[in-house]
Amino acid sequence: MVEAVLWLPIFLVIFGLMVDSALVFHGQSKVLRVVQDANRNLSIGRLETDDEVATYITTRLAVYGITPSTATAVTDTTTGVVTTTVVVPAVQLQALGYFDALLNLEIPVVAQHMREDWNA
């Protein structure tokens with residue numbers, strides 16, 4: 001019984017760290033999916049400008065309760081590649097928020113997509 005009382009807090013801390021880190025990774029995958037959807041929409045012509053991509057990303061992430069620090073899309077006119085970068089504070093993706101190392105973390109999500117040329 002004494003050993004259980006001594007080890008229980010350690011197990012709870014480790015479990016909490018696992019939960020928070022798993023939620024951060026899950027949140028990162030949700031952000032990546034939204035960014036890839038936005039790039040694809042720009043690629044096929046549903047979205048017209050890079051600013052519309054950033055607005056689309058911000059709006060879609062709001063559904064998940066995520067507010068990105070930055071959301072930028074840049075289209076390289078020579079290659080036709082859209083590069084979108086979104087930075088999300090990790091604190092928005094955590095449930096417990098007990099660990100300072102995860103609280104101050106900024107998670108960048110970058111995706112690239114080739115634009116399709118419908119005029120060729």
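Things to note:
- Backbone geometry of the stretch 101-111 corresponds, through the Karplus equation with coefficients 6.51, -1.76 and 1.60 at θ = phi - 60°, to 3J(HN,Hα) couplings of 4, 8, 5, 8, 7, 10, 9, x, 10, 10, 9 Hz, x marking Gly and Pro.
- Converting phi to 3J(HN,Hα) with the Karplus coefficients 6.51, -1.76 and 1.60 and the offset θ = phi - 60°, the stretch 61-72 yields 6, 4, 4, 8, x, 10, 10, x, 5, 9, 9, 10 Hz in sequence order, with x at every glycine or proline.
- In the elastic network of the chain, a GNM with C-alpha springs shorter than 10 Å, the most mobile of A73, A62, A101 is A101.
- Computed from the Cβ-Cβ distance with R0 of 35 Å, the FRET efficiency linking L8 to D50 stands at 0.10.
- As a length-normalised measure over Cα pairs under 8 Å and 6 or more apart, the relative contact order of the stretch 52-106 settles at 27 percent.
- Pair V91, A22: separation of 7 Å Cα→Cβ label points (nm): 2.5 nm
- The helix-only estimate of mean residue ellipticity at 222 nm for the chain, built from DSSP H runs of length n ≥ 4 each weighted as -39500 (n - 2.57), is -17500 deg cm²/dmol after division by the residue total.
A short reminder: the numbers here are calculations on the coordinates, not readings from a lab. Quantities reported herein were computed from a predicted structural model and do not represent experimental measurements. So basically every Cβ, Gly included, is an ideal-geometry build from the backbone, and we count neighbours across all protein chains shown.
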